[in-house]
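Participant: Can you keep this structure in mind? I'll have questions shortly.
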Amino acid sequence: MPLHPQARAYLDAQPPPSAVNPTVQQMREGSSAITRFAGPGPELAEVEDRDVGGVPCRIYRPLVDTALPTVVHIHGGGWVGGDLDTHDTACRMIAAQSGWNVVAVDYRLSPEHPFPAPMDDIESVAAALRDASVPGVDGTRLALLGDSAGGHLAAVVARRARDAGLPPYLFQGLIYPVIDAAMAASSYTENADGYGLLARSMAFYWDCFAPDGVDRTDPDVSPAEAKDLSGLPPAFVLTCEYDPLRDEGESYAAALADAGVPTVAIRVVGMIHSFFRLPAAFDASRAAISQVSAMLADVAAQPASRLSD
């Protein structure tokens, strides 16, 4: 399908990419700058910034004085950028539509804090949620949701929880996730430039997150290397037609399904990376947020939800 007109308009509104990779600070500023395309999110019963497990977080509560299932939200940004504000609108919408608390994690960023610091932070947050130290959180009902590098971290944390014998997450939402450090899929060539996320930018992000000395064949670094995906939480994997990460996300969804994991995989045709957190610019963002929210609501209502049918 041709590039969606809303994607074309969004790309036309961006400054042209530099001939060389920007600095880390410039990439962080760019990640924050596109938040203007997100628009305002809905008002909620309570939004609170607080440390959870020693990690800065923002908690979105659709109700107060009620222990609710809680989704741990892990922002994207190439492990280098992103923060609690870049994904605020999407988090508000998910909390309002799903009836779940959303706990957004402001994990440590690379290159200052490379692998494994980001997943360590997320696991610290999850441990604190499980031990009932956060008011209004049902620590027995947790899920994971992340986009791009956040999807990578969600996939890794879900598998590490299984391997550690921890209570399983009820759901993993992987939005155009980073899965394979090899960067060898054909979508890297087909969508190398011109669609927002550049293939060469991904190489830079990987160098920041997994620098020299880190084994990129470790499945905690590259989820594509995991040999056993059985017993993982039901998964929703969303990919975009015009995205270097498309093929690795779809391959991972297929591997999850082959391992017996209830998996819903969707390719959003005509669409580009980053759209999910920008609902003011993309109808597809609002639709995808509604779909994720409906799946979470279904999981809460029926622990053996239709995801496992």
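Participant: What 222 nm value per residue comes from the helices of the chain, counting each DSSP H run with n ≥ 4 as -39,500 (n - 2.57) and dividing by all residues, nearest 500 deg cm²/dmol?
Facilitator: -10500 deg cm²/dmol
Participant: Collect residues whose amide H, placed 1.01 Å from N in the peptide plane, falls under 5 Å from the amide H of Val80; neighbours closer than 5 in sequence don't count.
Facilitator: Ser110
Participant: Taking the chain as a Gaussian network, Cα atoms linked when under 10 Å apart, which of Pro15, Pro167, Pro135 shows the biggest mean-square fluctuation?
Facilitator: Fluctuation is largest for Pro15.
Participant: Return the percentage of antiparallel bridges among DSSP beta bridges fully within the chain, rounded to the nearest 5 %.
Facilitator: 30
Participant: With springs only between Cα atoms under 10 Å apart, run a GNM on the chain and tell me which of Val52, Val157, Val24 wobbles the most.
Facilitator: Val24
Participant: While we're looking at this one, here's another question. Give a residue-ordered list of calculated ³J(HN,Hα) values for the stretch 116-125 (Karplus: 6.51 cos²θ - 1.76 cosθ + 1.60, θ = phi - 60°; whole Hz; x for Gly, Pro).
Facilitator: x, 4, x, 6, 4, 5, 5, 5, 5, 4
Participant: With the cut-off at 1.5 for a/c, could you classify the stretch 3-56 from its C-alpha gyration tensor as rounded, prolate or oblate?
Facilitator: oblate
Participant: Got a sec? How would His75, His4 order by Cβ neighbour count within 10 Å, fewest to most?
Facilitator: His4, His75
Participant: Let me ask something additional. State, as an integer percentage, the relative contact order of the chain based on alpha-carbon contacts under 8 Å between residues 6 or more apart.
Facilitator: 20
Participant: If the label point is 7 Å along Cα→Cβ of Ala45, which residues in the stretch 93-133 have backbone nitrogen under 18 Å from it?
Facilitator: Only 93-104, 132-133 fall inside the zone, counting backbone N under 18 Å.
Participant: Residues with amide H under 5 Å of Tyr176's amide H, sequence separation 5 or more or different chain, H placed in the peptide plane at 1.01 Å from N; which?
Facilitator: Here the answer is Ser148, Leu238, Thr239, since their amide H atoms fall under 5 Å of that of Tyr176.
Participant: Taking the alpha carbon gyration tensor of the stretch 12-113, what are the square roots of 5 times its eigenvalues, largest first, to the nearest whole Å?
Facilitator: Ellipsoid half-lengths, sorted descending, are 29, 17, 9 Å.
Participant: Further, regarding this structure: Which order, highest average first, do 252-260, 89-97 follow once you tally other Cβ atoms within 10 Å for each residue and take the mean per peptide?
Facilitator: Per-residue Cβ counts within 10 Å, averaged per peptide and sorted highest first, yield 89-97, 252-260.
Participant: A further question follows. Based on the alpha-carbon gyration tensor of the stretch 165-309 and its eigenvalue square roots a ≥ b ≥ c, which shape applies: rounded if a/c is under 1.5, prolate if not and a/b is larger than b/c, or oblate?
Facilitator: Since a/c reaches 1.5 but b/c is at least a/b, the shape of the stretch 165-309 is classed as oblate.
Participant: List Val269, Val125 from most exposed to least, where exposure is judged by having the fewest other Cβ atoms within 10 Å.
Facilitator: Going from least to most buried by this count: Val269, Val125.
Participant: Something else: Give a residue-ordered list of calculated ³J(HN,Hα) values for the stretch 143-154 (Karplus: 6.51 cos²θ - 1.76 cosθ + 1.60, θ = phi - 60°; whole Hz; x for Gly, Pro).
Facilitator: Result, ordered by residue: 9, 10, 8, x, 10, 6, 4, x, x, 4, 5, 4 Hz.
Participant: Label-point separation (nm) for Lys227 and Asp120, each offset 7 Å from Cα along Cα-to-Cβ?
Facilitator: For Lys227 paired with Asp120, the spin-label model returns 2.7 nm.
Participant: Indicate the gyration tensor shape class of the stretch 81-157 (rounded, prolate or oblate), computed on the Cα atoms with a ≥ b ≥ c the square roots of the eigenvalues: a/c under 1.5 is rounded; otherwise a/b larger than b/c is prolate and the rest oblate.
Facilitator: Oblate is the answer for the stretch 81-157, as a/c is 1.5 or above yet b/c matches or exceeds a/b.
Participant: OK, next. Scattering from the C-alpha atoms of the stretch 138-214 alone, worked out with Debye: what is log10 I(q)/I(0) at q = 0.22, 0.27 1/Å?
Facilitator: So the normalised log intensities work out to -1.03, -1.27.
Participant: Across the stretch 180-190, in residue order, what do the Karplus-derived ³J(HN,Hα) couplings come to in whole Hz, using 6.51 cos²θ - 1.76 cosθ + 1.60 with θ = phi - 60° and x for Gly and Pro?
Facilitator: 10, 5, 5, 6, 9, 5, 4, 5, 5, 7, 4
Participant: When you count, for each residue, the other Cβ atoms within 10 Å and take the mean per peptide, how do 17-23, 42-48 rank with the highest first?
Facilitator: The most tightly packed comes first, giving 42-48, 17-23.
Participant: At a Förster radius of 22 Å, what calculated FRET efficiency corresponds to the Cβ-Cβ distance of Asp212 and Thr189, to the nearest 0.05?
Facilitator: So the FRET efficiency works out to roughly 0.30.
Participant: With a Cα-only, solvent-free Debye model of the chain, what are the log10 I(q)/I(0) values at q = 0.16 Å⁻¹?
Facilitator: -1.39
Just so you know, all these numbers are worked out from the coordinates, no wet-lab data involved. From a predicted model like this one, the values you see are computed outputs, not experimental measurements. For neighbour counting, all protein chains shown are included, and Cβ atoms are generated from backbone atoms with ideal geometry for every residue, glycine included.
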